[in-house]
Ligand SMILES: Cc1cc2nc3c(=O)[nH]c(=O)nc-3n(C[C@H](O)[C@H](O)[C@H](O)COP(=O)(O)OP(=O)(O)OC[C@H]3O[C@@H](n4cnc5c(N)ncnc54)[C@H](O)[C@@H]3O)c2cc1C
Ligand code: SF4
């Protein structure tokens, strides 16, 4: 059984540049200090190609920090990872659980003592094509080129939806914040309308993890147990799944770079769907597939998810704090 921890980096810069509590970067720094390499997803900001790359310097880690909510091509690094392990180098490979399964398949006859795998808990990925379609639609809407997209903004507190809201950066430094409960891509992603078909049957969802360490957001954390700064910047849930993972966890504790405490799986599981099972295919997905290409992405999503948009509007009217209080009371009854 995995060990469960709530954790966040003590370093402000790392917290700022990470999606959640920055545990990934702290692990990556340890591996680089051992002259190892780190593999993760890197987004090309002009084409929105998303591919895994290999990083061996601390100053390049920014390229693979932060979640990008669509499919990365991880297989392009598998051959190089194999060669690095055969040459005795330490490798930290990060990605979704299915990518890690793919890597293990390629490494069947290779000594993996020097390999650490970290999966980012994932409820599914849209295709790159879908994301590119969305970006083109946004550029038409704003009438100018988007320079950069950051999926997880920290300009809104993590606990108030900043956790999954997004930043569009335009030329000249202007930034538009898109809320998770309004933006069309995020609504379609969170409501399971645009995920790859295989994600709805994910073999890697659930409590039995394939990697050494699993990282995710600690949604549903009892806010009385952590300081305000963590609720603003992000709290990770870390699952330590293997002896290799335990060894890395021990080293992180020794370096005293994480705020970290063991938590009960019963407290964490109800809020993290992918630790329970695959995402449910939205019944409206068939309509989306039929109508795709007949009108632009944003219009189509708003039309198909009209009842979900209405619910979000009602929730905004009630207010997040009140909704939290009601949920808390219901839990206690
Ligand atoms: C597609 C996707 C869906 C997710 N869904 C959930 C969810 O439902 N619930 C939840 O609690 N957490 C989810 N996460 C994980 C969460 O967003 C954070 O990545 C995780 O908590 C680690 O945060 P961090 O601050 O430690 O590090 P960060 O620096 O934020 O994490 C970066 C790591 O994520 C990897 N990564 C980023 N994008 C991709 C990608 N497209 N494909 C493969 N690897 C990628 C990078 O290689 C790097 O290792 C998801 C992540 C992704 C990529
Ligand atoms: S949901 Fe499962 S199949 Fe889909 S990307 Fe995530 S790990 Fe892979």
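Derivation of every value follows stated rules applied to the coordinates shown; laboratory data play no part. Everything numeric here is computed off the predicted structure, so don't read it as measured data. In this analysis, Cβ positions are derived from the backbone assuming ideal geometry, glycine residues included, and neighbour counts consider all displayed protein chains.
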Taking the Cα atoms only, what angle lies between the long axis of helix 23-33 and the longest principal axis of the chain, rounded to 10 degrees? 30 degrees
Report, in deg cm²/dmol and to the nearest 500, the calculated mean residue ellipticity at 222 nm for the chain, where each DSSP H run with n ≥ 4 adds -39500 (n - 2.57) and the sum is divided by the residue count. -10500 deg cm²/dmol
Tell me the angle of helix 306-318 to the major Cα principal axis of the chain, expressed in degrees between 0 and 90 and rounded to the nearest ten. 80 degrees
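In nm, what is the difference between 0.36 nm times the number of residues separating residue 46 and residue 223 and their Cα-Cα distance?
Numbers: separation 177, 0.36 × 177 = 63.72 nm, distance 3.86 nm.
Between residue 46 and residue 223, full extension yields 59.9 nm more.
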Translational D (Stokes-Einstein, µm²/s) of the range 73-149 at 10 °C and 1.306 mPa s when Rh comes from the Kirkwood sum over C-alpha pairs? 107 µm²/s
Rounded to whole Å, sorted largest first: equivalent-ellipsoid semi-axes of the chain, Cα gyration tensor: 31, 25, 20
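Taking the DSSP beta bridges in the chain as the whole, what percent of them are antiparallel, to the nearest 5? Don't jump to the answer; show the numbers that get you there.
Details: 29 of 42 bridges.
If we restrict to bridges inside the chain, about 70 percent are antiparallel.
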Simple spin-label estimate for residue 76 and residue 246 in nanometres, 7 Å along Cα-Cβ: 3.8 nm
Find, to one decimal place in angstroms, the Kirkwood hydrodynamic radius of the range 119-231, where the mean of 1/r is taken over every pair of different Cα atoms and then inverted. 16.1 Å
Dimensionless Rg ratio for the range 1-86, taking C-alpha atoms and the 2.2 N^0.38 Å reference: 1.16
Comparing 265, 126, 227 in a Gaussian network model of the chain (Cα, 10 Å), the one with the largest mean-square fluctuation is 227
